[in-house]
Amino acid sequence: MNDIVSKLLMYGDMDESEILMQLAKIYKDYKVLKEECDIKGVSSCKNEISNLRTSVYREIKRLLVLATDYGFDDNLWHNYLTFILMTNENPFSLTSEKVGANVGSVNSIAKSDFQTFIELFNFDFKPLEEFLDIDSFTFISDYTAVRKKELMYNLNVSEKVRALSKKLAAAKDVDAFFIAVTDFYRDYGVGMFGLNKAFRIEEKLGGIEFVAINNMDKVMLSDLIGYEIQKKKLTDNTLAFVSGKKANNVLLFGDSGTGKSTAIKAIVNEFYDKGLRMIEIYKHQFKDLSKIIAAVKNRNYKFIIYMDDLSFEEFEVEYKFLKAVIEGGVETKPENILIYATSNRRHIVKETWSDRDDVQVDNGIHKSDTMEEKLSLVNRFGVTISYSKPTPKEFYDIVIGLARRAGITNDKMDDDTLKAEANKWELSHGGLSGRTATQFVNYLLGMMDL
């Protein structure tokens, strides 16, 4: 195996701790040890064989942990090799993401690597297993995973790995292998941005690290009842964005519980296949905005930088970082990045009555300048979408729609009964809103289960 792995060029730049690299090292040690044992006799190599067996078990365990994290199944070895191809960011894979194969000399280098992967897909572990008296590789090549709840692993990644793994295993030659991989790069991309929809940011060693958000809410726009005008404005802007046309930053503002955040999650789900990704950041991370933008500006995806419940007290100055990024900094914001924010405040930065007094009597300072400073942030969002509390009729329509979709049929609870019970619920649970309607329907489902 060491001889095979050493032939990798484009995909060979892996960390030494990678499972594949460790297995290659184990095979190198195995060959040396086998030659010694053939000369000295197996009985004189018991300790060395035991140590090598322990090394194999360690890598098998790491492979099983990876399989658990991503829900691999069937042939874990094939799944693992496929995972490498899907996540390895190199000049070939990066130029192929979201556009597919290009004409160029690099294709011949990639095909050489893919021929190596075909050898690894078909690698015979039997000699090593017989030498160490184990069946670990036979075990992982026909593996039946324990079925788990979706929240326990990244279902989005798991499905892609298993589907591509089967295609690659069935590839008749290197050309078919090449087409399968580059088609995947075209459809989904490569690396963490190719596999995942949404990310958070963590600080690491003075820089930033993108952390995938597993199993994001699968809500679609069609699941949201009401607010049709708001949904259309958001959809039209996002469609222009992913189509490569001019689009605006968006502020969704209004009453709490009206579906602002849910609408943004839904829009990411709607346009994920068109290369839309979301990066969620918090107020204390605004100082890292320039680093975030620098990390993604050259990728072939469209990124929404998502800020939920955006608001600032008058003593907070983080909004100035945001102003500079949106519009006003020396460096132009890349065309593959937009900012979508939600807020319960129309003007985001808290105002005071004194802000509206043009002149302060005691020292003559113009307060209108302060007002302009605070309003300048919201003015940099090209699209503002208002979400107000639903009317009683709209609230009941949402309740009935959610209830019927959840399986609470008319014979279990008719419309009039639903309205009456929903009215009682909202009076003591936050008033009229989509969130209250959802909580009410969840309550009904729980009571029915009991």
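Listing for the model above:
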{"quantity": "Odd one out for residue 87 among (1) at pLDDT 95 or above; (2) surrounded by fewer than 22 Cβ atoms within 10 Å (Cβ to Cβ); (3) among the hydroxyl-bearing types (Ser, Thr, Tyr)", "calculated": "(1)"}
{"quantity": "Matching residues in segment 139-152 - criterion: being open to solvent by less than 60 Å² (accessible area, probe 1.4 Å) and either modelled with pLDDT of 65 or more or of a type in the set (Val, Ile, Thr) (or both)", "calculated": "140, 141, 143, 145"}
{"quantity": "Which listed residue is within 30 Å of residue 326 (Cβ to Cβ) and either loosely packed, with under 12 Cβ neighbours inside 10 Å or aliphatic (A, V, I, L, M) (or both), from 385, 400", "calculated": "385"}
{"quantity": "Those residues of segment 408-427 which are small (Gly, Ala, Ser) and surrounded by fewer than 16 Cβ atoms within 10 Å (Cβ to Cβ), in sequence order", "calculated": "420"}
{"quantity": "Filter result for residue 10 (within 13 Å of residue 80 (Cβ to Cβ) and not charged (D, E, K, R))", "calculated": "no"}
{"quantity": "Filter result for residue 44 (open to solvent by 10 Å² or more (accessible area, probe 1.4 Å), assigned to a helix (DSSP H, G or I) and at pLDDT below 90)", "calculated": "yes"}
{"quantity": "Pairs where the first residue, in segment 75-89, is touching a residue at least 60 places away in the same chain (Cβ under 8 Å) and the second is of a type in the set (Gly, Ala, Ser) and open to solvent by 20 Å² or more (accessible area, probe 1.4 Å), C-beta under 8 Å, 6+ apart", "calculated": "75/141; 75/169; 76/141; 77/141; 78/141; 78/169"}
{"quantity": "Enumeration of residues in segment 206-239 that are in contact with a strand residue (DSSP E or B) (Cβ under 6 Å, 6 or more places away or on another chain) and among the charged types (D, E, K, R)", "calculated": "209, 233"}
{"quantity": "Segment 47-63 - residue that is loosely packed, with under 14 Cβ neighbours inside 10 Å and of a type outside the set (S, T, N, Q) and, of those, nearest to the chain's Cα centre (by Cα)", "calculated": "61"}
{"quantity": "Within segment 79-132, helices (runs of 4 or more DSSP H) holding 2 or more residues that are under 24 Å from residue 52 (Cβ atoms) and acidic (Asp, Glu)", "calculated": "126-132"}
{"quantity": "Condition broken by residue 349, with the remaining ones in (1) hydrophobic (A, V, I, L, M, F, W, C); (2) under 20 Å from the mean Cα position of the chain (by Cα); (3) at pLDDT below 70 satisfied", "calculated": "(2)"}
{"quantity": "The listed residue being hydrophobic (A, V, I, L, M, F, W, C), in contact with a Phe, Trp or Tyr (Cβ under 9 Å, 6 or more places away or on another chain), touching a residue at least 60 places away in the same chain (Cβ under 8 Å) and under 19 Å from residue 11 (Cα atoms), out of 131, 114, 121", "calculated": "114"}
{"quantity": "Residue that is nearest to residue 110 (Cα to Cα), among those in segment 64-76 that are surrounded by fewer than 21 Cβ atoms within 10 Å (Cβ to Cβ) and among the hydrophobic types (A, V, I, L, M, F, W, C)", "calculated": "66"}
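Residue-wise test of (1) buried (at least 19 other Cβ atoms within 10 Å of the Cβ); (2) without any contact (Cβ under 8 Å) to a residue 24 or more places away in the chain; (3) over 17 Å from residue 14 (Cβ atoms); (4) not β-branched (Val, Ile, Thr).
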| position | (1), (2), (3), (4) |
| --- | --- |
| 91 | no, no, no, yes |
| 95 | no, yes, yes, no |
| 106 | no, no, yes, no |
| 126 | no, yes, yes, yes |
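The values are calculated or read from the model by the stated rules, or taken from the named source; none is laboratory data. Just so we're clear, the structure is a prediction, and the values are computed from it rather than from any experiment. Cβ sites come from the backbone with ideal geometry, for glycine too, and all protein chains shown count toward neighbours. These area figures cover heavy atoms from the full protein model, side chains too; ligands, DNA and RNA do not enter into them. Shrake-Rupley method; radii C 1.70, N 1.55, O 1.52, S 1.80 Å.
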